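Before any comments, here is the structure.
No value in this document is a laboratory result; all are computed from the given coordinates. Quick caveat, the model's predicted, so the values are computed rather than measured. Note that we place each Cβ from the backbone using ideal geometry, even for glycine, and neighbour counts take in every protein chain shown.
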Amino acid sequence: MYYAVTIATLVTMALALLRAVLGPSVYDRVLAVNMFGTKTVLLLSVIAFLYGRPDFLDLALAYALINFIGVLAVLEFFRSRSLRRSAERGGRP
Amino acid sequence: MATLLDTLSWVLLTVGGISVLVGGIGALRMPDLYTRMHAASVTDSLGAILVLTGIMLQAGWSLATIKLVAILLFLLLTSPTSSNALASAALLAGTRPFAETRQEQEARK
């Protein structure tokens, strides 16, 4: 049963990567990367029990923290960039 | 009792895997950013809850369960936050939703 969840998660990660490659805007790519990170946490948790090594759960916890901080940092960067550009054009943000 | 827990955790894992897969397909196939975000949040919340609860039932009372609860709580706190930040950043940058709002429909008439 762990194999089914592992395969479903891997397929979803492949679909998210495809969306990150195809994505027309920057925000589609950020969405896909965020989804990929969450799926990585799930995959690590399932693999910890598939191979009977609960140490992997620490890796999953650390990856969840890193993923959240990374996505917020990237979004703040793009948000301040778009604000700066619209301020340079003199338009309303 | 053990059989019941096993069956319950298998059901949870299967439904969780299906919802993860459905959300992935939706994130690839939906027409614009906001609907894609809707599909991705299905995998982030429902899929994570079901899969992690299914694993928790397999783990029993141990340190692994505490770690799984921590992972689940953290995912449930952070994924709506990052979705909100993503939507507000996209809206601020001028990405319009695919469907018209009611005000836009009335303005077009």
query = Out of curiosity, is B:Ile49 under 18 Å from A:Gly52 (Cα atoms), more than 8 Å from every other protein chain (Cβ to nearest Cβ), part of a helix (DSSP H, G or I) and not small (Gly, Ala, Ser)?
reply = no
ask   = Condition test on A:Phe49, is it facing chain B (nearest Cβ under 7 Å) and in a helix (DSSP H, G or I)?
value = yes
query = Looking only at the stretch B:15-52, which residues are touching a Ser or Thr at 6+ places or on another chain (Cβ under 8 Å) and of a type in the set (S, T, N, Q)?
reply = B:Ser19, B:Ser41, B:Thr43, B:Ser45
task = Run down B:Ala64, B:Ala39 and say which single residue is touching a Lys or Arg at 6+ places or on another chain (Cβ under 9 Å) and either closer than 28 Å to B:Ser9 by Cβ or of a type outside the set (D, E, K, R) (or both).
result = B:Ala39
task = Starting from residues that are in contact (Cβ under 8 Å) with a residue 12 or more places away in the chain and of a type in the set (Ser, Thr, Tyr), keep the ones in the stretch A:22-60 and report whichever is surrounded by the most Cβ atoms within 10 Å (Cβ to Cβ).
result = A:Thr38
ask   = Taking B:Val42, is it more than 7 Å from every other protein chain (Cβ to nearest Cβ) and assigned to a helix (DSSP H, G or I)?
value = yes
query = Quick one: is B:Thr35 more than 7 Å from chain A (Cβ to nearest Cβ), assigned to a helix (DSSP H, G or I) and farther than 12 Å from A:Leu15 by Cα?
reply = yes
request  = Could you please find all residues in the stretch B:64-94 being touching a Pro at 6+ places or on another chain (Cβ under 7 Å) and either over 21 Å from A:Leu83 (Cα atoms) or surrounded by fewer than 13 Cβ atoms within 10 Å (Cβ to Cβ) (or both)?
outcome  = B:Ala64
ask   = Which ones in the stretch A:61-83 are surrounded by 17 or more Cβ atoms within 10 Å (Cβ to Cβ) and more than 7 Å from chain B (Cβ to nearest Cβ)?
value = A:Tyr63, A:Asn67, A:Val74
